[in-house]
Amino acid sequence: MRGRILIMAGSDSGGGAGIQADIKTVTALGGFAMTAITALTAQDTQGVHDVMPVPPSFIVAQMRCVMDDLGVDAFKSGMLDRAEVIEAIADVLVTGPDVPYVLDPVMVAKGGAALLHDSALATLRARLLPLASILTPNIPEAETLLGRSIAHRGDMLAAAGDLLALGPKAVLLKGGHMSGDELVDVLVGPGGEVEEFVSHRIHTRHTHGTGCTLASAIATGLGQGMTLRDAVMRARAYVREAILAAPGYGAGAGPLNHAVGIGHQNINY
């Protein structure tokens with residue numbers, strides 16, 4: 001069975017986001033998670049308290065040994081904090097051009113800590129966006145990538161198209177940072193086709209790791225041979241169920257319940 005997902009991202013000691021959320025998500029959806037850890041964070045539901053970087057050469061070593069021995073059906077990247085890390089990962093990704101790659105442009109943690117150095121933004125745009133099968137930014141990340149504000153639904157539609165023009169094959173612009181009871185995500189496909197996914201917002205503080213979880217769920221679907229649309233739809237349904245089943249841990253932005261997918265890989269979407 002296909003579904004070997006190689007994730008390049010940072011470790012979250014609190015278990016709600018980053019590599020920990022990625023592994024749980026891939027496993028719950030029936031895939032096989034493999035990792036190249038890009039940074040270690042001392043993190044909980046209230047924020048990121050410290051970061052220990054991993055040398056780019058060791059990140060590459062993690063990727064290469066996994067690719068050479070186990071094989072990869074899809075890549076996913078999350079926290080890539082430095083330009084030299086982005087350069088190193090891009091150099092590896094170009095050796096597997098036919099493997100789907102989900103790029104989650106992680107820039108700021110839920111608690112507000114910066115997870116992408118300002119000096120690395122240009123490198124992210126130049127090296128990784130053109131390699132991505134799908135880019136999955138939230139509103140603040142899209143604003144940073146485009147250098148303009150996104151204030152309403154019409155802005156989202158225009159922004160998603162402009163993000164596509166930066167090089168990725170597809171874009172899923174997530175609307176969770178917009179206000180209101182309606183949550184809208186905009187998907188622009190490889191041919192420029194646009195689809196809006198609308199759902200009722202769940203008012204809760206337990207949303208730590210939603211971006212990591214969604215991107216890894218999409219990568220799992222693509223690695224299992226699903227179409228892009230089906231992978232996105234299943235991923236959105238999985239995240240929603242994981243939020244609704246959140247265990248209520250922590251004093252800040254609490255984690256999801258990633259176990260909702262175990263035994264239910266064909267979540268109704």
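The values are calculated or read from the model by the stated rules, or taken from the named source; none is laboratory data. Note that the coordinates shown come from a computational prediction; the quantities given were computed from them, not determined experimentally. Heads up, the Cβs are rebuilt from the backbone with ideal geometry, glycines too, and the neighbour counts pull from every protein chain shown.
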- prompt: What number of residues in region 80-101 are touching a residue at least 40 places away in the same chain (Cβ under 8 Å) and assigned to a loop (DSSP other than H, G, I, E, B)?
  reply: 3
statement: Here the residues within region 163-198 that are closer than 27 Å to A126 by Cβ, surrounded by 15 or more Cβ atoms within 10 Å (Cβ to Cβ) and among the aliphatic types (A, V, I, L, M) are L163, L164, L166, A170, V171, L172, L173, V186, L187, V188
- line: Note on region 37-68: residues among the β-branched types (V, I, T) and either at positive phi or not in a helix (DSSP H, G or I) (or both) are I37, T38, T41, T45, V48, V51, V54
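Which one is surrounded by the most Cβ atoms within 10 Å (Cβ to Cβ) among residues in region 69-79 that are part of a strand (DSSP E or B) and of a type outside the set (G, A, S)?
Result: K76.
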- prompt: Which of (1) touching a residue at least 60 places away in the same chain (Cβ under 8 Å); (2) more than 23 Å from R125 (Cβ to Cβ) does I19 not meet, given it meets every other one?
  reply: (1)
query: Out of the residues in region 101-143 that are over 13 Å from the mean Cα position of the chain (by Cα) and among the acidic types (D, E), which is modelled with the lowest pLDDT?
result: D118
- request: Would you check if there is a residue in region 53-70 being closer than 18 Å to N138 by Cβ and at pLDDT 95 or above?
  value: no
task: With the condition kept exactly as written, say whether any residue in region 253-269 is outside any loop (DSSP other than H, G, I, E, B) and within 30 Å of G167 (Cβ to Cβ).
output: no
- prompt: So which pairs qualify, if the first residue must be in region 166-190 and closer than 15 Å to A235 by Cβ and free of Cβ contacts under 8 Å to residues at least 40 places away in the same chain, the second must be part of a loop (DSSP other than H, G, I, E, B) and of a type in the set (G, A, S), the Cβ gap must be under 8 Å, and the two must be at least 6 apart or on different chains?
  reply: L183/G175; L183/G176; V186/G175
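Counting only residues that are aliphatic (A, V, I, L, M) and farther than 17 Å from A170 by Cα, which one in region 208-239 is nearest to the chain's Cα centre (by Cα)?
Taking region 208-239 first, the residues aliphatic (A, V, I, L, M) are 214-215, 217-219, 222, 226, 228, 231-233, 235, 237, 239.
Okay, now just the ones that are also farther than 17 Å from A170 by Cα, so 237, 239.
On the way: A237: 15, V239: 12 Å.
Here the residue is V239.
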message: Checking the condition among the small types (G, A, S), in a strand (DSSP E or B), buried (at least 24 other Cβ atoms within 10 Å of the Cβ) and in contact (Cβ under 8 Å) with a residue 60 or more places away in the chain, which residue from G14, G10 passes?
response: G10
query: For region 36-48, does any single residue satisfy the condition of being at pLDDT below 95 and within 19 Å of A132 (Cβ to Cβ)?
result: no
- line: Scanning region 116-162 residue by residue, those part of a loop (DSSP other than H, G, I, E, B) and surrounded by 19 or more Cβ atoms within 10 Å (Cβ to Cβ) turn out to be L116, A132, S133, T136, P137, I150
- line: Pairs returned, first residue in region 206-235 that is crowded, with 24+ Cβ neighbours inside 10 Å, second residue that is in a helix (DSSP H, G or I) and of a type in the set (D, E), beta-carbon separation under 6 angstrom, 6 or more apart or interchain, are C212/D22; S216/D22
